[in-house]
Amino acid sequence: MILFSGTSNVPLSEAVASALGVSLGKVEITRFIDNECRVFVKDDVAGQEVFVLQSLSIVADQHLIELCLLGQALKDLGAKRVTAVIPWLGYSKQDKAFRKGEAISAHLVAKFIEAAGFDAVITTELHSENVLQFFHIPVVEISTHTFLADTLRRKSSPPATRGEALRAGLSLENVIVVSPDKGGKSRSDRFAKEVGLDIAYLEKSRDRQTGAVNITGIEGTVTGKDVVIFDDIINTGATALKTSEFVKRKGAASVYFLATHAVLAGSASIDLSRSVIDEVIVTDTISVSDDKRFDKLFIASVSSLLADAIRKQTK
Ligand code: R5P
């Protein structure tokens with residue numbers, strides 16, 4: 001088995017390789033002077049089970065092309081099976097035409113990945129299950145619910161017991177899970193069940209043109225509670241900001257925002273660092289550059305989840 005890494009999330013690739021006890025495959029990924037991508041696989045992969053880890057994070061278009069070029073090169077070299085490990089499947093938010101005339105981008109991305117020759121996909125926490133129908137190759141979707149629930153539990157234990165630099169002081173007894181919108185209801189329900197906590201639901205609307213988020217109501221009560229808002233993605237941060245401000249106005253004692261994918265587009269990091277949120281907890285499905293990190297951000301690594309999924313695939 002060989003694991004190759006694209007350029008989008010090398011730290012995660014290295015962590016997965018280390019969890020698997022292998023070294024990353026040798027590949028050269030460069031750009032021509034006109035910025036077109038060139039990949040050059042240096043390992044002999046003929047007859048091998050091969051994995052390529054690449055998140056379709058900013059800049060998604062470039063990372064997608066890079067992934068596809070890697071897939072094609074590996075297939076051309078005679079790899080037995082090539083699996084794309086895509087912790088964050090960029091474009092997956094565009095899984096339907098929200099307005100007439102919009103492209104269903106997630107569908108085309110699935111076609112690209114298949115056309116590149118990939119035999120299977122491993123991904124984490126899809127924005128919507130709709131995306132699965134666009135693939136004709138097997139897709140393994142890893143849920144991060146249990147993982148994030150464990151992360152939260154660890155945060156309520158004294159840090160010293162786990163050897164992790166976690167903020168102490170969050171007692172699960174006073175926590176309520178909050179779903180940020182209708183779309184996330186079943187996701188948040190599963191998470192609340194996983195940690196055995198009560199749940200409240202926010203009503204959110206978003207202007208499709210401007211992206212502006214508005215919170216219009218809440219079902220449940222958060223007064224005096226430590227609120228854990230559970231979402232799949234932090235993109236612009238608008239949902240995190242508006243929902244946290246809303247629950248604070250409703251009397252929440254503290255607010256934690258948990259999400260799997262930290263896209264952190266535009267000024268999201270600055271906005272979140274200045275927000276009423278006590279802590280933002282995300283995973284490393286997307287590599288967060290130093291300039292996007294802030295004091296209140298905690299990143300938990302999904303490397304062992306991905307390594308397990310890869311191991312299962314090779315059995
Ligand atoms: C919405 O349906 C998603 O679950 C997230 O709430 C959304 O993508 C977050 O985006 P933003 O950070 O831009 O509000």
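At a probe radius of 1.4 angstrom, the accessible area of the chain per residue rounds to 45 square angstrom. Determine the shape class of the stretch 242-315: with a ≥ b ≥ c the square roots of the Cα gyration tensor eigenvalues, call it rounded for a/c under 1.5, and otherwise prolate if a/b is greater than b/c, oblate otherwise. Because a/c hits 1.5 or more and a/b exceeds b/c, the stretch 242-315 counts as prolate. For the chain, the share of accessible area belonging to carbon and sulfur comes to 49 percent (1.4 Å probe, ligands and nucleic acids excluded).
Multiplying the sequence separation of A115 and R311 by 0.36 nm and subtracting their Cα-Cα distance, what value in nm do you get?
On the way: separation 196, 0.36 × 196 = 70.56 nm, distance 2.50 nm.
Separation in residues times 0.36 nm, less the Cα-Cα distance, equals 68.1 nm.
Of all lysines in the structure, those lying under 17 Å Cα to Cα from K204, and not within fewer than 8 positions of it along the same chain, are K93, K182, K185, K242, K248, K250. Under the simplified labelling scheme, the V140-K42 pair shows an inter-label distance of 2.9 nm, with each label point 7 Å from Cα along Cα→Cβ.
Report, in debye and to the nearest 20, how large the dipole of the chain comes out about its Cα centre when Lys and Arg carry +1 and Asp and Glu carry -1 on their Cβ. Please report the intermediate quantities before stating the final value.
Working: 37 positive and 39 negative charges, 103 e Å.
Charge dipole of the chain: 500 debye, to the nearest 20.
Placing a label point 7 Å from the Cα of A265 along the Cα-to-Cβ line, the residues of the stretch 209-252 whose backbone N sits under 19 Å from it are 209-215, 231-243.
Evaluate Rg over Rh across the stretch 29-187, taking Cα atoms for both radii and Kirkwood's formula for Rh.
Working: Rg = 19.6 Å, Rh = 18.3 Å.
That ratio equals 1.07.
Multiplying the residue separation of D295 and I104 by 0.36 nm and removing their Cα-Cα distance gives an extension gain of 65.1 nm.
Mind ranking K315, K111, K248, K80 by accessible surface for me, highest first, 1.4 Å probe?
Details: K315 195, K111 110, K248 70, K80 135 Å².
Sorted by accessible area, descending: K315, K80, K111, K248.
Solvent-accessible surface of protein heavy atoms, probed at 1.4 angstrom with all chains present, puts D232, D150 in the order D150, D232, largest first. Centre-to-centre separation between the Cα atoms of the stretch 97-141 and those of the stretch 70-88: 16 Å. Each part reduced to its alpha carbon centroid, the stretch 192-259 and the stretch 1-29 end up 36 Å apart. A 1.4 Å probe over all protein chains sorts I286, I104 by accessible area into I104, I286, starting with the largest. Relative contact order of the stretch 214-299, taken over Cα pairs closer than 8 Å and 6 or more residues apart, is 29 percent.
When DSSP beta bridges are restricted to pairs lying wholly in the stretch 1-62, around 50% turn out antiparallel. Please report the antiparallel percentage of DSSP beta bridges with both residues in the chain, rounded to the nearest 5. Of those bridges, close to 20 percent are antiparallel. The angle between the Cα long axis of helix 145-155 and the main principal axis of the chain comes to about 50°, on a 0 to 90 degree scale. Under the criterion of Cα pairs below 8 Å and six or more residues apart, the relative contact order for the chain equals 14 percent.
Rg/Rh for the chain (Cα atoms only, Rh after Kirkwood) is 0.98. What's the FRET efficiency of R190 with A97 using the Cβ-Cβ distance as r and R₀ = 22 Å, to the nearest 0.05? Rounded to the nearest 0.05, the efficiency is 0.20.
Lys and Arg at +1, Asp and Glu at -1: add these up for the other residues within a Cβ distance under 12 Å of T236 and post the number.
Details: positive: K93, R206, K242; negative: D271.
Cβ neighbours under 12 Å give a net charge of +2.
Taking the longest Cα principal axis of the chain as reference, the axis of helix 105-115 is set at about 30 degrees.
In the chain, a dipole from Cβ-located charges (positive for Lys and Arg, negative for Asp and Glu) runs towards its positive end, and of G25, S188, V82 it is S188 whose Cα lies farthest in that direction. Result for the chain in a Gaussian network model with C-alpha springs under 10 Å: among P180, P87, P138, the largest mean-square fluctuation is at P138. As a length-normalised measure over Cα pairs under 8 Å and 6 or more apart, the relative contact order of the stretch 1-90 settles at 32 percent.
The values are calculated or read from the model by the stated rules, or taken from the named source; none is laboratory data. Computed from a predicted structure; not experimentally measured. Because the Cβ atoms are built from the backbone with ideal geometry, glycine has one as well, and the counts that use them run over all protein chains shown. Calculation scope for accessible area: heavy atoms of the full protein, side chains included, ligands and nucleic acids excluded. Shrake-Rupley method; radii C 1.70, N 1.55, O 1.52, S 1.80 Å.
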